[in-house]
Every structure is written in structure tokens, then in C-alpha cells.
Amino acid sequence: MIRLESISKSFPDGDLFNNVNVSIKSGMRAGLVGPNGSGKTTLLRIMLGLESPDSGNIQLDKGVSIGYLAQDIVAGSDKSILEEVLSAYPEIRDLEGSIISLSHEISLNPDNNSLVEKLGEVQTRFEALGGWNIEDRAKKILGGLGFEDDKIIESMDVFSGGWRMRVTLATILLQEPDIIFLDEPTNHLDLEATLWLESFLSEWQGGLVMISHDRAFLDRSVNTILEIDLKRITLYHGNYSRYKEDKALRLEQHRNAYKNQQKQIQDTERFIERFRYKNTKSTQVQSRVKMLDKMEKIEEPTEDNHVMNLRLPQPDRPPLNVASCRNVTKHYGDIEVFNEMNFNVERGQKIGLVGQNGAGKSTLLKMLARVESVTAGAVRIGSNVDSAYYAQHQLEILEPNDTVFESIQKVSPGWSETEMRTYLGSFMFSGDEIEKYVKVLSGGEKARVALARMLVQPSHLLLLDEPTNHLDMMTRNVVEQALTHFSGSIVCISHDRHFLNNVTNLTCEVGGGTIHLFEGNYEYYEWKKQGNNQSKLEKPKIKIESKRKSDYKEQKRVKNRLAWIEKRFNTIDLEIEDQRSISQNPENGNNFELLQKTMSIMTILENEYLELMEEQEELLSNPE
């Protein structure tokens, strides 16, 4: 459908890519990947004809229809959400009006055959365009993207930029063009909507070119990867995980071929040097000289390893109870979000908040951050506990006319210029880059600045709302690793399941005015939810056996649970030791209230330890 022939593109600060030859065919669902700044969006815009290459040609088959979702915030409209989506089919709306008008005329003049004939023609065209079920399809798509029935009749103007982006996406999906172009579509979706879109795209029969930094989403949505790396574009068949394996294999093969050729060159040069002046070897020497001249040299393999070197400032040891919600009720007018909800965050816990859109995840995070008040009840932060909050709109509140240096300087009083440069270097801002104005930065660069601002000072509690949005794969990996090794507590919202699985050790399902805690990461939460949907008469052991005997994914979930149990054992041991130290401290000998609380905590921890041991034995008794 679309062919790129010998495409090259440069900017003033260097080449983006050279001599690109790529064809996008029907049925090809391509994920466009590469570091921030490598030219993914530029290549997308060249394919769309919105930007011109420096050289080369773009061929688009005649009659091919295109849908494009850009990163730009969508303007508002006084139309309702449903009307806005249906406006993608103006002919259907006109035909619908004609059917109503003609039907009325025929009711007044039933013997007018020309009117009847015209109505038949209009109805045939209306049916051919899918007019009879177009509204139902639109509602289904909007529902999948998180719009409740009572919301789709509201004016688009009242919704935020992220929700308007969903409307645009719904419009594109309803049109079913021959090829869809999506630039980071999940940045404005919650986890539920991401899962729905993932399922929709996995069954898409047309063409697709998509930029996304969500590896789980790519794994289930695409069948081809286009990688931009070191100014080259390489096509890989398969999803993202297959691409990573194939790339590692290609790189290893390239290294081996390069090493073998270098050895061959060195051996040949030694032969030439050794026998250059011996007449008896002149023929062999000349032959080897010619062979070296004709040899097609293999380039030395290179990798783009320019990534963040993030080391989070570690806080001192906080109290066991870092934060808590006690009988919290939260209303927005007549809308009840929480009703006498209780929630605890303890030392070392890393909690992922999940739940349907509108369930109250961001509200809970905001209440913990003290930027949202409660209707009733109380939110308490532990004694001497410092917290930091990263909001979804963090990028929007950066001062556009500040330089990167100035933006960090405002939140790091007393730092020397050397300290500032070193810190910014860990976020991949070095040299003249620290003098860039915020307003000219890419989305990924702004996200790095926002993260750097939040993490200047050590915090006991990090409250993170979609922290990996706009970050490329390599940067996400670094952030994940840094948060995994962070000694404090974390409460986070993310639609990136890979992030949730690697960072969190508890999952909190928010919904129905309350919360439900699961003792594991997102993968464990999924497994547990699937188990809960089975018959309540089944014993846990039977559930585990069925999972263990199923496919690789289920085996991996059980393995993940075993690894988590081992980590939890270590944590419980440390916590029991802490409580034992308190109880054995002579200064606390007469503090009976403290001693009673300590013994109660130790009993709870010991019971949890025994329960986990029983679960571990059940899991281990069913080998894979």
C-alpha cells in the first residue's frame, strides 16, 4: 500500500536516517521503535506525506484510505462525543436525513412512485455504508475506550485533552481505513482502555504503523517491528519480544563475522609482510594483496547505549506505617468515589493501583499527595515521612521559558554548578543540552526533566501517576531498575504492565467505593482474578495445578509468585527483627501499650510467614 524508496532525512544537527526502503502492506501491523530523537515521528509523517524527505520517493497505492492519530492535543467542540465520532461519516448523516424527509413525503403522497424509487436508492446507499449499525459500532468503540453511556451525550468541550484524544482515536477506528497510523496511542489511555485497544488491533486486518514504548502492548498488537537505530532502519518479523531475540542473535552473528574477518585480515597481512621480499612466494603474496583489496569489509558492530544512569537518592529509614487512609469518604458532587475506605502504605511496599477508568485511582493518589481533600475521614502521613508526587500533567506545569538547567536549579537550592551538571547528566542532559529551553524539548525530554525535578530530594514515599509516559524503551528500563532498587515506598498508576510487573510487589484494585489488595505484582493479580472467576468450590490447590499444567504464561505467573514469596520472607524477617528490637529495648520496659502493639505486629507477621510457607509448599509440590 505504501512504499518508501531510498528515503533520506537530515536535520541541521545531523542525519536521522539514510537510504530507507520499506513497504507497508495490508495485514502488516508494524511497531516503529527506537530511542527518543531517532526520528520515529518524522518517519511516520513522511509516510503520511505531511513531511518531505531530503531524497527518495513515497508511493501510495491509488484509493488507499488513511487514519492518523497524532500526539498533538485535540481541540474541543460543542458537539457531543457521539456526534463528533459519527461526523466521520457525513454522508450517512445526510442520507439518514433524506430517509426521514422522503418517508414523510411518501406518507403524505403514497402513490408517488418516483419518491418511493428515490427512497429505495437512498436506503440502498445507506445500507451499503453500514448506516443501520453505525451508531451501535460507535458506542461499542467509545465504551471500549472508557466512555460510559451517559458521557457520550455530553459536549466534547467539557473533556480534557487526553479524553479528546480518545474521541479522535474512536473516530479513526470507526472509519476502518486501509491503514492506521498511531503515534503513542496509549499515552492518554488507562490500563482498561489499553487492554481493549490491544485486543482491537490484534484482530485488525488492514495495515498499521504505530509508535509505542509499551512492550506488552506491542507484543500483543503488532506482527512486525521497524527499528530506527544508529541512522539505519531494520525490519524484523514478529512482535517486540521476538524482535529483541532476533536483534540479539543478529548482533552476535555480526560480532562473530566481524571478528572472523578481522582475524583473516590480520593473518593475511602477516603473510604478506613475512614473504613480501621472497621471490618464491611472490605469486601467493600478490594473490593475497588482491584478495584484501577486493574484500567487502564488515563494519564493526555498534550499539546505541546512550541511556540514563539513574541513581535515586535513598531516604533514611521511615516508620513502619508510611501513610494511611482511615474511613475515607470522597464525593464529587453527587458522585461517590470512596465510602469509608481504609488503606495502608508500609515501609518498603511498592503498590500498583489498578481498576476501571473513573474508579478513583488518581483521586487516591492525589489524596495521599495532599493535593485533594477528603469529604470525610482522614489521610495520615507517617512521622517525618517525606513524599514526592508525579502527576500526569507534570509536563504541562514546566515553565516553557526556563532552560533545563534553570528548571532543576529552582528546586535544588545550594547546589553547585558541578553538582547540577552531574545530576542532569544522569538524566541524559549533558554539555549544551542543559541550556535548551523547555519549550523546544520533545515529550520524552520533558518527562526526564519532570522526573529529575521530583527526585532532587530523597523521599520516603513516591506517588507516581503514569511516570513512564513519553519515555522510550531504554529510558523506561532505567527508570524501572532505579525504582526496583529504591528503598522507600511507592504507590503508582501505570498502563504499562511490564513496568508494574517489574516495580511493584503489591497490587491494589480500586473500585466500588473501596479497595482490594492482592499480595503480588500485576501478573499475579491477573492470575488471581482468573482464579476467582472459577467455581468457588474449587480448592486453591486445584487452581494451582490447573495453572501449572497450562501454557507457558501460566507457568511463568506461578514462578513469579514463588520469587515474590522469597522476597517477602526476607522482608518479614527484617520487620520481625525490628519489632523484636523494640520489645527487647530496656527503655520500653514500662511502655505496655507499645509492647502490646509490638507483639501484635509480630504475631501478624509470623502468621503471614506460615501462610506463605504453606502456599510455597503447594506451588513447589506441583513441578512444571
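The values are calculated or read from the model by the stated rules, or taken from the named source; none is laboratory data. Remember, it's a predicted structure, so these values are computed and weren't measured experimentally. With ideal geometry, Cβ positions are generated from the backbone for all residues, glycine too; neighbour counts draw on all protein chains shown.
Of the residues SER77, SER98, SER155, SER160, the single one that is in contact (Cβ under 8 Å) with a residue 24 or more places away in the chain and under 28 Å from MET210 (Cα atoms) is SER77.
Residues in the range 488-519 that are at pLDDT 90 or above and under 17 Å from PHE569 (Cα atoms): THR504, ASN505, LEU506, PHE518. The numbered conditions (1) over 19 Å from PRO318 (Cα atoms); (2) crowded, with 17+ Cβ neighbours inside 10 Å are all true for ALA376 except (2).
Name the residues in the range 380-402 that are buried (at least 16 other Cβ atoms within 10 Å of the Cβ) and either among the polar types (S, T, N, Q) or under 29 Å from the mean Cα position of the chain (by Cα) (or both), would you? Passing the criteria: SER387, ALA388, TYR389, TYR390, ALA391, GLN392, GLN394, LEU395, LEU398, ASP402.
The rows are residues; the columns are (1) surrounded by fewer than 18 Cβ atoms within 10 Å (Cβ to Cβ); (2) within 23 Å of LYS231 (Cβ to Cβ).
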{"site": "THR41", "(1), (2)": "no, yes"}
{"site": "MET47", "(1), (2)": "no, yes"}
{"site": "ILE66", "(1), (2)": "no, no"}
{"site": "GLN71", "(1), (2)": "yes, yes"}
{"site": "GLY76", "(1), (2)": "yes, no"}
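Give me the pairs, please: first residue somewhere in the range 400-425 and of a type in the set (D, E, K, R), second residue anywhere and assigned to a helix (DSSP H, G or I), beta-carbon distance under 6 Å, and either six or more positions apart or on two chains. Filtered contacts from the range 400-425: ASP402/VAL438. Going through (1) surrounded by fewer than 16 Cβ atoms within 10 Å (Cβ to Cβ); (2) in a helix (DSSP H, G or I); (3) among the aromatic types (Phe, Trp, Tyr) one by one, TYR243 falls short only on (1). Could you please let me know if LYS543 is surrounded by 14 or more Cβ atoms within 10 Å (Cβ to Cβ), at pLDDT below 75 and among the charged types (D, E, K, R)? When the stated conditions are applied, LYS543 passes them.
For ALA378, are the conditions met, namely being at negative phi, touching a Leu at 6+ places or on another chain (Cβ under 6 Å) and among the hydrophobic types (A, V, I, L, M, F, W, C)? It is false that ALA378 is at negative phi, touching a Leu at 6+ places or on another chain (Cβ under 6 Å) and among the hydrophobic types (A, V, I, L, M, F, W, C). Among the residues of the range 18-31, those identified as within 19 Å of THR224 (Cα to Cα) and in contact with a Ser or Thr (Cβ under 8 Å, 6 or more places away or on another chain) are VAL20, ASN21, MET28, ARG29, ALA30, GLY31.
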